[in-house]
Structures are given as structure tokens and as C-alpha cells.
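The values are calculated or read from the model by the stated rules, or taken from the named source; none is laboratory data. Being a predicted model, the structure only gives us computed values, none of them experimental. For neighbour counting, all protein chains shown are included, and Cβ atoms are generated from backbone atoms with ideal geometry for every residue, glycine included.
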């Protein structure tokens with residue numbers, strides 16, 4: 001490793017140096033692939049830590065501590081490494097020299113908007129399916145969380161070099177859509193002037209279906225009522241699904257969520273029966289058979305019937321029980337349709353599949369992963385991300401139901417009240433599998449307790465520093481690229497305060513953070529990182545108010561000012577990049 005590694009490859013450069021240090025002891029690529037370099041949990045342990053000695057000791061034929069000392073001795077000769085410590089049974093902690101962070105900042109500025117971009121995906125196709133709400137009503141706040149999560153994850157994966165397809169599965173078949181058709185037909189009768197009374201039990205009561213009834217009445221008049229029931233319900237279903245999907249697209253657009261593919265469930269059985277084809281494909285692989293399921297060990301199971309039936313061998317892949325593919329009336333189970341849908345993804349060339357599901361689908365994960373493994377012969381992998389519930393509050397009190405939807409608060413109502421940025425950031429400022437309390441009052445609060453405000457204010461504050469600096473440097477450009485050229489050659493070695501060094505370290509971690517968030521499918525990591533970066537920047541700005549020598553602009557010291565403006569540029573650049581990946585704006589003024 002040189003004394004000035006490029007920031008985007010800082011961890012990779014250290015890893016390469018470690019691999020060189022262990023070369024006399026271990027040459028196996030399989031063994032070396034287990035070596036990782038990461039930031040230590042305790043900052044007092046240094047800048048980086050590696051498990052090299054722990055995972056390679058057996059292959060090297062040496063005790064971990066002994067191997068760690070040998071590796072450390074080699075690393076101490078590196079001019080970029082200030083300190084190497086061996087801890088415990090063989091962990092190696094590294095502290096880099098301050099100039100490394102200055103050069104990392106310089107490289108980050110030169111990379112501009114591409115800073116943090118990587119090619120770990122190597123252009124491989126990845127399918128991200130998210131939202132996929134039933135088109136039976138408006139989207140609610142729970143759908144909102146899945147939409148934001150899936151969209152941010154897709155952004156991350158694209159930034160990390162994957163070829164991403166964003167997909168929405170339209171559940172336009174099955175019992176719920178038939179209920180929608182009957183509910184829409186009832187509203188059609190209402191639109192013709194008929195007194196329909198209370199909405200019957202089992203139908204959708206929301207007023208959102210009144211426009212569907214009005215549209216049917218305007219197009220068909222009384223003719224629809226005269227048609228056979230099968231025909232009029234088909235027309236009501238198609239009209240309702242079409243109008244509901246238009247509304248869903250509009251709601252998603254309000255969140256700046258868009259899809260490449262809308263896949264219809266009904267298309268799986270219209271014309272060619274692709275569900276039957278998927279079942280037969282699995283049967284040829286020996287994964288479908290006719291048999292009986294044993295009764296459940298405790299209580300009644302929804303999909304258990306004491307009869308001979310068509311079953312998928314999901315137990316071959318770690319599931320608890322084999323799964324039915326047909327109901328007693330000969331129709332397909334939901335699982336069978338989902339198998340056919342995922343087969344279409346595999347047939348389209350996807351080997352990386354990501355599904356974002358709601359909290360009530362947790363028990364469905366193993367069987368779907370088993371199906372994908374069976375369909376692809378083990379070449380495709382399905383990762384299912386469960387998005388937990390959202391509790392909607394206002395000032396700590398639960399929010400009442402929507403008047404329009406009748407049973408829940410709609411996504412659009414929330415976005416209209418607090419804005420897209422607050423919704424998107426707050427939905428990501430908690431791990432996806434944890435329940436989220438979303439307080440509408442907090443979401444518009446101008447305080448540190450409101451994370452989206454605090455991060456956006458960090459970007460706006462950084463831009464205000466440049467506006468103030470133009471009083472001293474009238475030739476300071478406004479555009480980021482021209483500004484970087486102007487800052488080129490700034491003496492970054494003057495950034496010696498611990499808080500300045502911490503900010504440079506934080507900026508240097510960005511590429512690693514993005515890669516990690518993309519690889520683990522965890523966009524919340526990026527939201528946490530941006531909040532920490534903004535916090536450190538705000539803290540340094542506040543210290544400058546009390547300690548004039550730490551201010552970003554020193555009137556009688558233009559070179560130190562240029563160095564600190566370089567640091568500010570690094571902060572605003574990374575904040576803008578990270579916010580863009582989360583789908584949140586980076587305002588220049590607030």
C-alpha cells in the first residue's frame with residue numbers, strides 16, 4: 001500500500017497489503033477469501049482491524065497470536081501505517097497516518113459524483129420486486145415503507161454495479177379481486193341512482209370505489225346491469241383494477257417510486273397456463289408428487305387437507321412441511337401461482353432475486369426460497385426482506401383512520417402532510433425488520449430529533465459556508481466540479497484537529513459503507529451513516545463558533561481556509577450522494 005491510497009480503495013489497499021504479508025504462510029485463495037478488513041467497533045482500537053491471523057492460523061500451521069505478530073511486523077514497515085497492535089488471541093488493529101486521510105479526501109473530491117460508486121455487481125442482472133400491493137384499494141402507510149425500502153435498495157444496487165430491474169407484481173387474480181369486482185358493481189348501481197344501503201359484509205366499504213362506479217355508469221349506462229353476471233363482473237373487475245392501478249402509480253410517483261415492469265398475475269393463466277407448466281417443470285425434477293400431508297402437530301393449518309393432493313417437496317430445502325399446489329376444487333393455490341411467477345423471473349435470466357414483503361408474510365419465506373432453488377437447479381438465489389409494521393402517530397398519539405379509505409391512513413395523505421423527503425428518510429431510519437413509529441409532528445420538526453431535517457441541514461449549512469467564503473474569495477466557483485478544481489492543491493496536511501480527522505475518516509468510509517449496504521440489502525445503514533456524518537459536521541461548525549481558530553473561514557489565512565473548504569466540499573458531496581441514493585433531496589438552503 002502506498003502512503004496515499006485512493007479513498008475508494010482504502011480498505012482494499014490494506015487488505016492487499018495484509019494478503020502480501022501472509023503470502024509466506026498461506027497461498028490458498030479459498031483461505032485468503034476469509035480475511036476481512038473492517039472498522040473496529042471501538043474507535044480507540046484504531047482505524048481498521050483484521051481477522052487475518054484468526055482465520056489463517058490453521059492453514060499456516062501456526063498459533064493465531066504467533067501469526068498475528070508476524071503479520072504485524074510486516075505491516076509496521078508500511079509508510080502509510082502509523083501503528084499496529086495485536087489484541088487478544090490474534091486480532092490485528094491498525095492506525096493509519098493522518099496524511100492517508102488527507103489523500104483519501106483529495107481522491108474523493110476528484111471522483112465527484114462517482115465517489116462511492118463500485119463494480120461489485122459486475123453488471124449482473126438483479127430483480128427487485130417490491131410494493132406489489134393488491135389493487136383493491138389505495139396504498140396505505142405500510143405499503144409506503146416497502147416502497148421506499150425497495151426503491152432505495154434498487155438505487156444502492158445500481159450504484160454498486162448491478163443491472164437492476166424494478167418490478168411490481170399485480171395481484172389481479174383470486175378471491176380478493178372478485179370481491180373488488182362485486183364492490184365496484186355495487187358502486188355502479190349507486191351511481192345509477194339506486195339506494196344501496198349499508199355496504200354488505202365482505203365487500204370493500206371505502207368511498208374510493210365511488211369513482212369506479214361512476215366510470216362504469218358513464219360508459220355503460222344501464223346496459224351493464226342487463227348483462228350476464230359473469231360478463232358484468234369481468235367488466236367491473238377490469239375497470240376497477242385498471243383505475244386502482246392508475247391510482248397506485250400516482251401515489252408511488254408522489255414518493256418518486258417508479259417501476260420498469262408491472263407483471264400481471266392473471267397473465268399466468270390467460271392463454272397458456274404457465275402455472276401448470278411450472279408444476280410440470282418441478283415434477284420432471286422430482287420435486288412435485290401426489291401424496292397426503294400429515295395433520296399439523298399443533299392446531300389447524302390453513303392449507304392442510306386430509307386428501308391425496310399435488311405437493312411440492314419443500315422439505316428437501318429445509319421447509320417444515322411439503323406444500324400443496326392445488327386446492328380440493330382443482331384450482332391453484334397462491335403458492336402455485338407464485339412459483340410460476342418466480343419461474344418467469346428465472347426464465348428471464350435473473351439469478352439474483354429480491355422480494356420485499358409485508359410483516360404478515362414471514363411464514364411464507366422458506367417455501368418460496370425452496371421453490372426458486374428447485375426451479376433454477378440451485379443457480380438462482382431469492383432474498384426476502386420483511387418490512388415490519390408502521391405505527392402512525394401525531395404528537396405521540398395514534399392517528400385516526402382515513403375518511404376516504406375507511407380502514408387505514410393512505411400513503412398519499414401522509415406524503416401530502418409531511419412531504420416526500422421526510423417520509424422516505426424516516427422510513428429508512430430504522431432496520432426494515434423492526435416496527436417503526438412514524439410521528440407526523442416529529443417529521444416536520446426543525447431539530448436534531450428529526451433525522452431528515454438534521455441531515456439536509458448539514459448539506460445546506462455546508463453550502464452556506466461556500467456562500468460566505470465568496471466574500472473572501474470572489475473567484476470561488478459555485479458548481480461542485482469547478483469548485484473542486486479551484487480547491488485542487490489545498491494543503492490538507494493543515495487539517496490536524498481530531499474533529500477534522502474524524503470527518504475525513506468518515507468521508508473515506510463512504511465507498512465501503514455503500515458496498516456493504518448494497519451487498520447485505522440494508523439501505524438503513526446509509527441513513528445511519530448520513531446522520532452520523534451530518535452530526536460530526538454540525539459539531540465541528542459549532543466548535544468553530546467558540547474557537548475562532550477552528551472556523552472554516554480564516555480571513556488572514558487563505559491556505560488553511562482552502563484546506564477546510566475542501567473538507568466542507570467532501571461533506572456536502574457525500575451528503576448529496578447518499579441522500580440521492582435514498583431518494584431524498586439535498587437542499588442548498590433551509
Contact list, first residue from the stretch 39-57 and outside the structural domain of residue 515 (by TED's automatic domain parsing), second anywhere and part of a helix (DSSP H, G or I) and surrounded by fewer than 19 Cβ atoms within 10 Å (Cβ to Cβ), beta-carbon distance below 7 Å, six or more apart or interchain, is 56/31
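Filter the stretch 445-476 down to the residues that are closer than 20 Å to residue 415 by Cβ and modelled with pLDDT of 95 or more, then identify the one that is surrounded by the most Cβ atoms within 10 Å (Cβ to Cβ).
Ranking the qualifying residues of the stretch 445-476, first place goes to 455.
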Would you confirm whether any residue within the stretch 4-26 is at pLDDT 90 or above and under 21 Å from residue 515 (Cβ atoms)? no
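Condition check: touching a helix residue (DSSP H, G or I) at 6+ places or on another chain (Cβ under 7 Å) and either over 29 Å from residue 336 (Cβ atoms) or at pLDDT 95 or above (or both). Does residue 166 satisfy that?
yes
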Of 71, 92, the only residue that is at pLDDT 85 or above, outside the structural domain of residue 573 (by TED's automatic domain parsing) and not in a helix (DSSP H, G or I) is 92
All-but-one check, residue 433 against (1) surrounded by fewer than 15 Cβ atoms within 10 Å (Cβ to Cβ); (2) farther than 30 Å from residue 363 by Cα; (3) touching a strand residue (DSSP E or B) at 6+ places or on another chain (Cβ under 6 Å), failing number (2)
Practice item. Using the structure shown, decide if residue 506 is part of a helix (DSSP H, G or I), within 30 Å of residue 354 (Cβ to Cβ) and touching a strand residue (DSSP E or B) at 6+ places or on another chain (Cβ under 9 Å). Key: no
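Kindly provide the set of residues from the stretch 40-68 that are part of a helix (DSSP H, G or I), within 26 Å of residue 506 (Cβ to Cβ) and in contact with a helix residue (DSSP H, G or I) (Cβ under 6 Å, 6 or more places away or on another chain), ordered by number.
52
Does the stretch 401-423 contain at least one residue that is farther than 30 Å from residue 569 by Cβ, part of a loop (DSSP other than H, G, I, E, B) and under 20 Å from the mean Cα position of the chain (by Cα)?
Checked the stretch 401-423: no residue is farther than 30 Å from residue 569 by Cβ, part of a loop (DSSP other than H, G, I, E, B) and under 20 Å from the mean Cα position of the chain (by Cα).
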Per the filter on the stretch 158-176, residues surrounded by 21 or more Cβ atoms within 10 Å (Cβ to Cβ) and in a helix (DSSP H, G or I) are 159
Given the conditions (1) loosely packed, with under 15 Cβ neighbours inside 10 Å; (2) touching a residue at least 12 places away in the same chain (Cβ under 8 Å), every one holds for residue 330 apart from (2)
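Assess whether residue 539 counts as being in contact with a helix residue (DSSP H, G or I) (Cβ under 9 Å, 6 or more places away or on another chain) and within 22 Å of residue 155 (Cβ to Cβ). Break it down stepwise before answering.
On the way: in contact with a helix residue (DSSP H, G or I) (Cβ under 9 Å, 6 or more places away or on another chain): yes; within 22 Å of residue 155 (Cβ to Cβ): no.
When the stated conditions are applied, residue 539 does not pass them.
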Before we move on, is residue 308 loosely packed, with under 15 Cβ neighbours inside 10 Å and more than 17 Å from residue 178 (Cβ to Cβ)?
-> yes
Of 345, 385, the only residue that is modelled with pLDDT of 90 or more, in a helix (DSSP H, G or I) and either surrounded by fewer than 21 Cβ atoms within 10 Å (Cβ to Cβ) or within 27 Å of the chain's Cα centre (by Cα) (or both) is 345
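Looking at 72, 52, 57 in this structure, which one is in contact with a strand residue (DSSP E or B) (Cβ under 6 Å, 6 or more places away or on another chain) and at negative phi?
72
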Across the stretch 520-548, the tally of residues that are modelled with pLDDT of 95 or more and farther than 18 Å from residue 575 by Cβ stands at 3
Checked the stretch 140-176 for anything over 11 Å from residue 126 (Cβ atoms) and free of Cβ contacts under 8 Å to residues at least 40 places away in the same chain; matches are 175
Inside the stretch 111-139, the number of residues satisfying the requirement of being in contact with a helix residue (DSSP H, G or I) (Cβ under 7 Å, 6 or more places away or on another chain), on the phi < 0 side of the Ramachandran plot and part of a helix (DSSP H, G or I) is 2
Filter the stretch 219-257 for residues that are assigned to a loop (DSSP other than H, G, I, E, B) and in contact with a helix residue (DSSP H, G or I) (Cβ under 7 Å, 6 or more places away or on another chain); the one that is farthest from residue 176 (Cα to Cα) is 256
